[in-house]
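Undergrad: Starting off with a structure, shown below.
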Amino acid sequence: PLFLYFKNEYILMAFLQLRKQNFPGAKAWLDKIKNPETALVRKQQGYYNYLNGIMLSQTNLLQAEKYFKKAIELGLSMDMDLAVAKLNLAGVALSRRRKLEATNLIAEVKKLDKQGMLKDQIKMMKDQMKKI
């Protein structure tokens, strides 16, 4: 079950808000965690950064990139979450014309996306890459 991955209820609540596309609600829950480095164990910190990255990817790619890199460094429990983080990083790399980095990240995403749920996004990115 999903709740096993989120021992901290604030992270779980933020995650549930994000699923409903309620970004302000998710941010409010994450903001309740005052000092993530001491309040959360390593994997929880990974998800804290992952969720912040997802929210910021809508408005501030530079900030989002930092959060996604930190999330990957700290670790995420599920391959799909890792794939989404890397797909977002590929998008950032592409927007900054770092084609080789984007290509490598997309290759990693393909390996992680065992159910093929990100197939459309991967194809869109590859199409974008052809234009660079």
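Undergrad: Of the residues that make up the stretch 18-37, is at least one closer than 25 Å to residue 116 by Cβ, modelled with pLDDT under 95 and assigned to a helix (DSSP H, G or I)?
TA: Yes.
Undergrad: Please enumerate the residues belonging to the stretch 83-112 that are touching an Asp or Glu at 6+ places or on another chain (Cβ under 7 Å) and under 20 Å from residue 46 (Cα atoms). Break it down into steps so the answer makes sense when it comes.
TA: At the first step, the residues of the stretch 83-112 found to be touching an Asp or Glu at 6+ places or on another chain (Cβ under 7 Å) are 83, 86, 89, 92-93, 112.
Residues satisfying the conditions are 83, 86, 89, 92, 112.
Undergrad: Give the residues of the stretch 92-107 that are closer than 21 Å to residue 117 by Cβ and either among the polar types (S, T, N, Q) or open to solvent by 60 Å² or more (accessible area, probe 1.4 Å) (or both), sorted by residue number.
TA: 103, 104
Undergrad: Going by the structure shown, is residue 83 touching a helix residue (DSSP H, G or I) at 6+ places or on another chain (Cβ under 9 Å), surrounded by 21 or more Cβ atoms within 10 Å (Cβ to Cβ), closer than 27 Å to residue 24 by Cα and among the small types (Gly, Ala, Ser)? First the steps, then the outcome.
TA: Values: touching a helix residue (DSSP H, G or I) at 6+ places or on another chain (Cβ under 9 Å): yes; surrounded by 21 or more Cβ atoms within 10 Å (Cβ to Cβ): yes; closer than 27 Å to residue 24 by Cα: yes; among the small types (Gly, Ala, Ser): yes.
Judged against the criteria, residue 83 is a match.
Undergrad: Quick check on the stretch 108-132: of everything there that is charged (D, E, K, R) and not in a helix (DSSP H, G or I), which residue is surrounded by the fewest Cβ atoms within 10 Å (Cβ to Cβ)?
TA: Quick first cut of the stretch 108-132, residues charged (D, E, K, R) only: 108, 110-111, 113-114, 119-120, 123, 126-127, 130-131.
Now drop any that are not not in a helix (DSSP H, G or I), which leaves 113-114, 131.
Working: 113: 20, 114: 10, 131: 6.
Going through the qualifying residues, I end up with 131.
Undergrad: Out of the residues in the stretch 39-48 that are under 12 Å from the mean Cα position of the chain (by Cα) and either modelled with pLDDT under 95 or among the hydroxyl-bearing types (Ser, Thr, Tyr) (or both), which is least open to solvent (accessible area, probe 1.4 Å)? Reasoning before the result, please.
TA: From the stretch 39-48, those under 12 Å from the mean Cα position of the chain (by Cα) are 46-48; that's our starting set.
Okay, now just the ones that are also either modelled with pLDDT under 95 or among the hydroxyl-bearing types (Ser, Thr, Tyr) (or both), so 47-48.
Numbers: 47: 1, 48: 34 Å².
Ranking the candidates gives 47 first.
Undergrad: On to the next question. Could you tell me which of the residues 62, 51, 89 is surrounded by fewer than 22 Cβ atoms within 10 Å (Cβ to Cβ), outside any loop (DSSP other than H, G, I, E, B) and not β-branched (Val, Ile, Thr)?
TA: Exactly one residue qualifies, and that residue is 62.
Undergrad: Hey, among 94, 105, which residue is modelled with pLDDT under 95 and not in a loop (DSSP other than H, G, I, E, B)?
TA: Going through 94, 105 in turn, just one is modelled with pLDDT under 95 and not in a loop (DSSP other than H, G, I, E, B): 94.
Undergrad: Give just the number: which of (1) outside any helix (DSSP H, G or I); (2) in contact (Cβ under 8 Å) with a residue 24 or more places away in the chain does residue 84 not satisfy?
TA: Single failed check for residue 84: (1).
Undergrad: Against the condition part of a helix (DSSP H, G or I), among the basic types (Lys, Arg), at pLDDT 95 or above and surrounded by 20 or more Cβ atoms within 10 Å (Cβ to Cβ), how does residue 69 come out, does it pass? Break it down into steps so the answer makes sense when it comes.
TA: On the way: part of a helix (DSSP H, G or I): yes; among the basic types (Lys, Arg): yes; at pLDDT 95 or above: yes; surrounded by 20 or more Cβ atoms within 10 Å (Cβ to Cβ): no.
Spelling it out, it is not the case that residue 69 is part of a helix (DSSP H, G or I), among the basic types (Lys, Arg), at pLDDT 95 or above and surrounded by 20 or more Cβ atoms within 10 Å (Cβ to Cβ).
The values are calculated or read from the model by the stated rules, or taken from the named source; none is laboratory data. Given the structure is predicted, the values throughout are model-derived calculations rather than measurements. Cβ atoms come from the backbone with ideal geometry, glycine included; neighbour counts cover every protein chain shown. Just so you know, the surface numbers come from the protein's heavy atoms only, side chains and all, with ligands and any DNA or RNA stripped out. Shrake-Rupley method; radii C 1.70, N 1.55, O 1.52, S 1.80 Å.
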